[in-house]
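Following: one structure in structure tokens, then a few remarks.
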Amino acid sequence: MDKKIVIVGAGVAGVNAATKLVDNGYPGNLITVIDMGKDPYKRKPEEVMTGFLGAGGWSDGKLTYHTAIGGQLSKYCGEEKAMELMDQVITNFKRFHPKPEEVQCSNPEEEPEFIKPYFGLRLFPVWHVGTDYLSEIAKNWYDYLVSKGVDFKWEAKVYAIDFENERVLGKFLDKENHELEYRYDELIFAVGKSGIDFAQQLANEYELPDEPKSVQIGVRFEAPQEHFQKLIDISYDFKLYRKFDDEGVSLRSFCTNNNAAYVAVEETYGDHSYNGHAKKDERYRNDMTNFGILMEINGIEDPFAWSRNVVSKLQANGTGLYYSPSRQPSTTSEGNNVTSTQISLDTLTHVVEPVIEGYFKYIMDFIQDMKKVFPTLQDDWGIYIPEVKYLSPEPLVNYKDLSLTKYFNVHFVGDALSARGITVSGAQAIYVAENLLKL
Ligand SMILES: Cc1cc2nc3c(=O)[nH]c(=O)nc-3n(C[C@H](O)[C@H](O)[C@H](O)COP(=O)(O)OP(=O)(O)OC[C@H]3O[C@@H](n4cnc5c(N)ncnc54)[C@H](O)[C@@H]3O)c2cc1C
């Protein structure tokens, strides 16, 4: 326990790694955590992605507890170990919670019979920390790590890492822009989504090999909520799925919004695609439901280039497309029409289908089968085309300690690796810390 450990990113992953280390007697003064955001006493609510606990610090505070949700974990360490690691993350959140007894677990019951013939329904437990408590949790957690001697560098942006000479280079984001330089024996790279460009820069610079990725593309489906109420009562954020293993395609409903549910236009690389969000305030209630129907397509050689090309072809009049057998595009929470170009069934069949290279039929089948499961739905729905997830490249790591295959003392964790949520990000980091404790 004499190695100098530098952690880049004080988000969910970085903080869980530091905690595991000091909990097990690792000297805090050998751990430096560098973050471009602020400590929890200074961090403002509008600083959504940066600072202590990172994106998790102002998140919805939902801790999912299933290895099929929130990104890759069991791939690296096996199912049993993954659950044990996620337990540790949940315990940490409870431990620094001002009212741990209020952390509740919702655990939906068995898959309902009416779904079974057509879809799988992914049911998983979720621990609700409570968004309002996250700030207090962060302060208690931070105080603990500081009391153990962990050295935090705030408002310091790392802009380069010299893997060969084991050095981290950064700048303090104050007026003077002071330079910062640290040597490390072991590096934990935990920059989350806000550091995605930086991760890409390193991947290019060091020609880091990455894991093959799938294409994730589909539509944003929208309908009046009443048609889905039977299922929403069982699982608010329901996840329907189906798989066609032989064809390398699987589909899932993604990110369900209810009650005050709005479709949002996203602009990426100059093209429009769709997403959804829900408002909490009752005055926005529109009794609509929206969710993505996303296909995961494996075996496409360059998924990123393929997706970008498809998205650019699914544009008309400078925006995305809308198809409905009976409805018009809905309005945003600000009362404007959701920007889209309405198309006919003919265009859907003869233009959209060939652009997505025949895969669109899976989405139409999904909708047809929803009509059987939710009989009142019939033609009372619409789809915004496309919805897309550009998956960031995932560097290839050694599964035993998440170290880069080219640099054994550099460990990638959290959203910078393959996670997409709090529990998995924290769990990956604890996994790395456990291995560092053995050195
Ligand atoms: C609005 C919102 C709500 C969410 N709600 C949930 C939820 O309810 N449940 C759930 O499981 N997940 C949720 N998520 C996702 C979850 O927050 C992330 O998956 C998780 O925080 C990832 O952890 P991480 O440590 O990898 O990255 P982060 O928590 O994002 O932390 C990364 C840290 O790295 C720092 N950083 C980045 N680049 C640099 C650099 N170059 N130099 C120095 N520092 C840098 C950032 O400042 C940041 O603090 C939500 C995300 C958002 C944005």
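The values are calculated or read from the model by the stated rules, or taken from the named source; none is laboratory data. Not measured: the values here are computed from a predicted model. Note: ideal-geometry Cβ built from the backbone for every residue, glycine included; neighbour counts use all protein chains shown. Heavy atoms of the whole protein, side chains included, go into the accessibility calculation; ligands, DNA and RNA do not. Shrake-Rupley method; radii C 1.70, N 1.55, O 1.52, S 1.80 Å.
Contact map, the range 27-53: first residue aromatic (Phe, Trp, Tyr), second residue surrounded by fewer than 21 Cβ atoms within 10 Å (Cβ to Cβ) and assigned to a loop (DSSP other than H, G, I, E, B), Cβ cut-off under 6 Å, separation 6 or more or different chains; pairs are Phe52/Asp39.
Scanning the range 206-220 for residues that are at pLDDT 90 or above and closer than 25 Å to Trp306 by Cβ turns up Glu207, Leu208, Pro209, Val215, Gln216, Ile217, Gly218, Val219, Arg220. Across the range 1-16, the number of residues qualifying as open to solvent by 10 Å² or more (accessible area, probe 1.4 Å), at pLDDT 95 or above and more than 8 Å from the ligand (Cβ to nearest atom) comes to 2. If you check Val103 against the conditions, is it open to solvent by 50 Å² or more (accessible area, probe 1.4 Å), farther than 30 Å from Phe374 by Cβ, among the β-branched types (Val, Ile, Thr) and free of Cβ contacts under 8 Å to residues at least 40 places away in the same chain? For Val103, the condition - open to solvent by 50 Å² or more (accessible area, probe 1.4 Å), farther than 30 Å from Phe374 by Cβ, among the β-branched types (Val, Ile, Thr) and free of Cβ contacts under 8 Å to residues at least 40 places away in the same chain - is not met. Going by the structure shown, is Ser147 open to solvent by 30 Å² or more (accessible area, probe 1.4 Å) and either touching a Pro at 6+ places or on another chain (Cβ under 6 Å) or within 13 Å of the ligand (Cβ to nearest atom) (or both)? It is false that Ser147 is open to solvent by 30 Å² or more (accessible area, probe 1.4 Å) and either touching a Pro at 6+ places or on another chain (Cβ under 6 Å) or within 13 Å of the ligand (Cβ to nearest atom) (or both).
Of the numbered criteria (1) part of a helix (DSSP H, G or I); (2) away from the ligand (no atom under 12 Å from the Cβ), the one Gln216 fails is (1).
Within the range 95-154, the residues that satisfy the criterion of being farther than 29 Å from Gly37 by Cα, among the polar types (S, T, N, Q) and not in a loop (DSSP other than H, G, I, E, B) are Gln104, Ser106.
Exactly one residue out of Thr376, Thr341, Thr347 is more than 27 Å from the chain's Cα centre (by Cα), farther than 30 Å from Ile115 by Cα, among the β-branched types (Val, Ile, Thr) and open to solvent by 30 Å² or more (accessible area, probe 1.4 Å), and it is Thr347.
Out of Asp39, Asp23, I need the residue that is more than 7 Å from the ligand (Cβ to nearest atom), modelled with pLDDT of 95 or more and open to solvent by less than 50 Å² (accessible area, probe 1.4 Å). Which one?
Selected residue: Asp39, the only one of Asp39, Asp23 that is more than 7 Å from the ligand (Cβ to nearest atom), modelled with pLDDT of 95 or more and open to solvent by less than 50 Å² (accessible area, probe 1.4 Å).
Of the residues making up the range 401-410, those that are in a loop (DSSP other than H, G, I, E, B) and either without any contact (Cβ under 8 Å) to a residue 60 or more places away in the chain or surrounded by 15 or more Cβ atoms within 10 Å (Cβ to Cβ) (or both) are Asp401, Leu402, Tyr407, Phe408, Asn409. Among the residues of the range 61-75, are any more than 15 Å from the ligand (Cβ to nearest atom) and of a type outside the set (A, V, I, L, M)? Yes, there is a match, as at least one residue in the range 61-75 is more than 15 Å from the ligand (Cβ to nearest atom) and of a type outside the set (A, V, I, L, M).
Residue check: is Val48 hydrophobic (A, V, I, L, M, F, W, C), within 15 Å of the ligand (Cβ to nearest atom) and out of contact with any strand residue (DSSP E or B) (no Cβ under 6 Å at 6 or more places or on another chain)? Taking the combined requirement at face value, the residue satisfies it.
Of the residues examined, Ser307 is one that is over 21 Å from Lys371 (Cβ atoms), in contact (Cβ under 8 Å) with a residue 40 or more places away in the chain, in contact with a Phe, Trp or Tyr (Cβ under 8 Å, 6 or more places away or on another chain) and crowded, with 17+ Cβ neighbours inside 10 Å. Once the range 173-226 is narrowed to residues that are more than 30 Å from Asp379 (Cβ to Cβ) and of a type in the set (Gly, Ala, Ser), the residue that is most open to solvent (accessible area, probe 1.4 Å) is Ser194.
In the range 195-209, the condition of being away from the ligand (no atom under 14 Å from the Cβ) and farther than 18 Å from Ala416 by Cβ is met by no residue. Checking every residue in the range 371-385 against the condition of being touching a residue at least 60 places away in the same chain (Cβ under 8 Å), part of a helix (DSSP H, G or I), away from the ligand (no atom under 16 Å from the Cβ) and of a type outside the set (Lys, Arg) gives at least one match.
Looking across the range 412-439 at every residue that is more than 7 Å from the ligand (Cβ to nearest atom) and assigned to a loop (DSSP other than H, G, I, E, B), the one that is most open to solvent (accessible area, probe 1.4 Å) is identified as Lys438.
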